[in-house]
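What follows is calculated from the coordinates using simple rules that are stated; it is not laboratory data. None of the values given here were measured: they were computed from a predicted structure. Every residue, glycine as well, gets a Cβ built from its backbone with ideal geometry; the counts of neighbours run over all protein chains shown.
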Amino acid sequence: MNAVPFDTLKMADKLESSGFSAQQAAGVTGALADALLESDLATKGDVERSGAALRAEMAVMRSELKADIAQVRTELKAEIAQVRTDLSAEIAEVRTEIRHVRTELKGDIAAFRAEMKGDMGTFQAELRADMGRFRSEQRGAIELLRRDMTIRLGTMMVAGFGVMLAAMRYMQLHP
């Protein structure tokens with residue numbers, strides 16, 4: 001780094017004119033000159049050279065960053081393609097399972113339907129047999145009732161005829 005140009009005499013004169021003694025002005029000016037000469041202050045040239053180095057470094061970093069982004073993009077596309085492939089395989093597997101379950105359900109429903117038809121046929125046959133027995137029992141009961149009624153009616157007729165005969169016998173007709 002270069003030293004900053006500094007006029008020590010001009011500064012000492014200004015300090016003396018503002019009230020410093022010649023000895024004080026010389027001491028302050030000397031201390032300031034030493035500080036400026038020993039310091040690492042950047043000059044315009046230093047800043048320009050540093051700026052150019054920074055721009056070059058940023059250009060390198062920019063190209064590295066672009067390369068990293070391109071690599072990540074490529075990896076991401078590959079991963080997305082793999083996920084799509086995996087998803088397609090899983091979807092196909094699920095569809096196959098659904099078809100299998102659907103086929104099983106159709107078979108189960110057909111078997112249940114056949115079983116229900118058999119049960120309904122058995123139930124209908126039992127119902128018909130029960131109704132036939134009931135009708136037979138009812139016919140028998142009606143026959144018994146008819147026979148009982150016939151016997152009672154006959155008995156009542158015989159009793160009524162007997163009562164009439166008895167009444168006629170005890171009653172004499174007037175001549």
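Annotations for the structure displayed:
- D46 closer than 21 Å to K10 by Cα, assigned to a helix (DSSP H, G or I) and over 60 Å from the mean Cα position of the chain (by Cα): no
- Test: residue in segment 44-52 that is farther than 30 Å from D7 by Cα and surrounded by 10 or more Cβ atoms within 10 Å (Cβ to Cβ): yes
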